[in-house]
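Here is the structure we will look at.
The values are calculated or read from the model by the stated rules, or taken from the named source; none is laboratory data. Here the structure is a predicted model, which is why all the values come from computation and not from measurement. Virtual Cβ from ideal backbone geometry, glycine too; neighbours counted across all protein chains shown.
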């Protein structure tokens, strides 16, 4: 298999960036395990808008620190690309031409749970979850107080029956 140039790696970064920033395309990442997603993020950094010089510097650093990641990330990129193409074809909007190499990766399996790893926490979603938890907690507290205030004594029961 021929080596991938830095320009081709940068094109891959831009492609993955486009998938990552599009809510409807982002589910292609879920075809990879969480650990595989972390590897893609570590190598291609799709969550960051990098220009070519910055990406080149990142490549130099990552190849020095984790030389095996280049090969692994390339294979994961092909699987991600295949997942994206399959999802787009399913939606009826093919946007990437298929190659023989890509067609090998186009097999999809039914999955009941899909996870998308995020390199940074989504603060808005955390705030939303905390608000929902607070509202649920307040509702439970209110219900508990209502139950406690409805105390029945023998006097109340005999007075009601008369």
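Worth a mention:
- Among the criteria (1) within 30 Å of residue 33 (Cα to Cα); (2) modelled with pLDDT of 70 or more, the one residue 140 does not fulfil is (1).
- For residue 58, the criteria (1) over 14 Å from residue 117 (Cα atoms); (2) surrounded by fewer than 17 Cβ atoms within 10 Å (Cβ to Cβ) hold in every case but one, which is (2).
- Summed over region 1-46, residues that are farther than 21 Å from residue 88 by Cβ and either in contact with a strand residue (DSSP E or B) (Cβ under 8 Å, 6 or more places away or on another chain) or in a loop (DSSP other than H, G, I, E, B) (or both) total 7.
- Checking residue 148 against (1) under 18 Å from the mean Cα position of the chain (by Cα); (2) at pLDDT below 85; (3) exposed (fewer than 13 other Cβ atoms within 10 Å of the Cβ), the condition it does not meet: (1)
- Of residues in region 47-67 being closer than 17 Å to residue 37 by Cβ and either at pLDDT 95 or above or in a loop (DSSP other than H, G, I, E, B) (or both), the one nearest to the chain's Cα centre (by Cα): 47
- Only a single item in (1) in a loop (DSSP other than H, G, I, E, B); (2) surrounded by 13 or more Cβ atoms within 10 Å (Cβ to Cβ) is not met by residue 77, and it is number (1).
- Test: residue in region 82-97 that is surrounded by fewer than 12 Cβ atoms within 10 Å (Cβ to Cβ), at pLDDT below 90 and either in a helix (DSSP H, G or I) or within 13 Å of the chain's Cα centre (by Cα) (or both): yes
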